[in-house]
Amino acid sequence: MTKEIDCRGLACPAPVLQTKDAIEKEHPNVIKVVVDNEASKENVSRFMGSQGLEVSIKQEGSNFHVIGKMGEGTAAEEPVHEKPETGQKKIMVMVANDRMGHGDDELGEKLMLSFLKTLKEMGDELWRLVFVNNGVKLTIEGSDVLPVIQELEEEGIHILVCGTCLTHFDLLNQKQVGETTNMLDIVTAMQLADKVINI
């Protein structure tokens, strides 16, 4: 059975939610999802991969056809929001701005750099670092804090960057760190975290 879904013109997280719904309710052998932007292409293909589907992508003009096929022996990837079973407290930090506080912007940028550098003091409790809205600007080339975020990622912190936000600011191709994500992943991660800190 093949299921086709046209998600052109839909904002995040609708394409992923429609894909999830079709897989869970209809269990198709093949699912084809048509989207019209890079962020949706990445989010849908990553979700399909997390469900154990073999994923291929075809571009036709400005549209992307994301095709997921159930394959023999295909192992599901670890979903981006899955919480490790370590018994360790898990803290998610959501960064919604490229500076900390209001008032002096230069001071706010210095405070954000200092905050991100100090995050590693949380130790193993730091679980996810999520960038949304203006915060996604910290993950792109030329960002003063980019090396700090890359170092956190190298140390095993999962970095998630909102695809809708990157697209809104026309920065999707400039992202240098983390996984492009969607609101479904962010909400699920919030649900699984022991504590969520909003900056």
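The values are calculated or read from the model by the stated rules, or taken from the named source; none is laboratory data. The model shown is predicted, which means the values in this text are computed figures rather than measured ones. Positions of Cβ are backbone-derived with ideal geometry, glycine not excepted, and every protein chain shown enters the neighbour counts.
Can you find, within region 1-34, the residue that is modelled with the lowest pLDDT among those that are buried (at least 21 other Cβ atoms within 10 Å of the Cβ) and within 15 Å of THR181 (Cβ to Cβ)? Filtering first and then ranking leaves CYS12. The one condition from (1) over 24 Å from LYS89 (Cα atoms); (2) in contact with a Cys (Cβ under 8 Å, 6 or more places away or on another chain); (3) not acidic (Asp, Glu) that VAL130 does not meet is (1). When LYS20, LYS41, LYS3, LYS25 are checked against the criterion of being in a strand (DSSP E or B) and on the phi < 0 side of the Ramachandran plot, a single residue qualifies: LYS3. In region 93-110, the residues that are closer than 15 Å to ASN198 by Cβ form Cβ pairs under 9 Å with partners that are among the acidic types (Asp, Glu) and surrounded by 12 or more Cβ atoms within 10 Å (Cβ to Cβ), at six or more places apart or across chains, as follows: ASP98/GLU109; ARG99/GLU109; MET100/GLU109.
Considering every residue within region 72-86, establish whether at least one is charged (D, E, K, R), at pLDDT below 90, over 19 Å from the mean Cα position of the chain (by Cα) and more than 23 Å from GLU153 (Cα to Cα). The answer is yes; a qualifying residue exists. If you check VAL161 against the conditions, is it modelled with pLDDT of 95 or more and part of a strand (DSSP E or B)? Judged against the criteria, VAL161 is a match.
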